[in-house]
Amino acid sequence: MRVFITGATGFLGGALARVLAAEGAEVHALVRPASDHRRALEALPITWREGDVTVAESLSGLFNGAEWVIHAAGRLGQPGVSAQVFQRINVDGTRNVMAAALATESRPRVLHLSSTGILGPTGPDEAAENAPYAPTNVYERSKAAAEAVALAFAAKGLHVVVARPGFIYGPGDRHGLGLFRAIRDGRFFYIDAGRHLFQPTFVADAVAGMLACLRRGSPGDVYHIVGPRAVALRVFVTTIADALGVRQPRWSLPRWLAMAAATSLEAVCLAIGRHPPLGRTAVALFSEGRVFSWQKAHDDLGYTPVHDIGAGVSATVTWYREHTWL
């Protein structure tokens, strides 16, 4: 089985590459010219193919012979990134990948990695896959537009299945590392007392769900690939603090004050060319309920997430320490 992965140098794409290589798949992965981000996967038998999702011509013929194509490349939400950048990478990049797959004679199965974030805040109630798009920031809007592009190609006859992961954490994750470090260093504070619900997903569950999408998903179907249960942020943070063996965070700010502080920090850091320690997107994530049903993935694909936060956080902390990230 030949599998082609875009975004293999990222957290989730890399996790998929490791599992597929271990299963004996012939893994090909896209890498931009002169990029050194492949270093974390250098021990794996991966064939690296130079190209760029934003340059359609560079993808011509790359998917020949592939039975599966996994589109994991994308720009994550980050303060200071313009709408044009998100459009070019997340939306136009998706269109280029889908067009290249459609032009491939073997017509591979394609997995598009979207985001539950495109549905916006859900409150305490679970949102299913058929809930309307309700993105709240420029990143989520770009992911909604990218998903629409992928589904449009499914309507053209390409075998595209969409996986919507939520908040993913686990070994190798640099995006969530800051949360673990802030709790370790006593810099973390709650927003609205950490009472809002969200759904942490351990990376091994996310990978299992996404591969189930490829193996058993029908063209044009969308699946939420999320953790086993929703928890209040305070519960997740308490679990991390216990695993780290540090004092529990005690301070809390109301949402309006945290949002005002994040707005000011973004403006100041943008002016001096630094990454803000707190952004509005993070404030929103930690102060809005975001709960999603994985029932459809269970019924159609057999997906059942098995890593609750206790085991997942413990494994993550152990890995971070072994690799001196903490």
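The values are calculated or read from the model by the stated rules, or taken from the named source; none is laboratory data. Only a predicted model underlies this, so the values are computations on that prediction, with no experimental measurement involved. All Cβ positions, even for glycine, are placed from backbone atoms using ideal geometry, and neighbour counts span all protein chains on display.
Remarks
- Count of the range 221-236 residues which are assigned to a loop (DSSP other than H, G, I, E, B) and in contact with a strand residue (DSSP E or B) (Cβ under 7 Å, 6 or more places away or on another chain): 4
- Filter result for R234 (surrounded by 16 or more Cβ atoms within 10 Å (Cβ to Cβ), among the basic types (K, R), farther than 30 Å from A150 by Cα and at pLDDT 95 or above): yes
- Look at (1) over 28 Å from H323 (Cβ atoms); (2) modelled with pLDDT under 95; (3) of a type in the set (A, V, I, L, M, F, W, C); (4) under 21 Å from the mean Cα position of the chain (by Cα) and you find that F11 fails only one, number (1).
- Selection from the range 237-259 of residues that are part of a helix (DSSP H, G or I), closer than 23 Å to P276 by Cα and in contact (Cβ under 8 Å) with a residue 60 or more places away in the chain: I240, R255, A258
- For the range 13-29, the set of residues classified as β-branched (V, I, T) and either in contact with a Cys (Cβ under 7 Å, 6 or more places away or on another chain) or buried (at least 18 other Cβ atoms within 10 Å of the Cβ) (or both) consists of V27 only.
For every residue, the table says whether it meets (1) part of a helix (DSSP H, G or I); (2) at pLDDT 95 or above; (3) within 16 Å of I240 (Cα to Cα).
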{"site": "A101", "(1), (2), (3)": "yes, yes, no"}
{"site": "T104", "(1), (2), (3)": "no, no, no"}
{"site": "P124", "(1), (2), (3)": "no, no, no"}
{"site": "Y133", "(1), (2), (3)": "no, yes, no"}
{"site": "K143", "(1), (2), (3)": "yes, yes, no"}
{"site": "V149", "(1), (2), (3)": "yes, yes, no"}
{"site": "P171", "(1), (2), (3)": "no, yes, yes"}
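- Residue pairs whose Cβ atoms lie under 8 Å apart, separated by 6 or more positions or on different chains, with the first residue in the range 163-189 and crowded, with 17+ Cβ neighbours inside 10 Å and the second part of a loop (DSSP other than H, G, I, E, B) and basic (K, R), are G166/R290; F167/R290.
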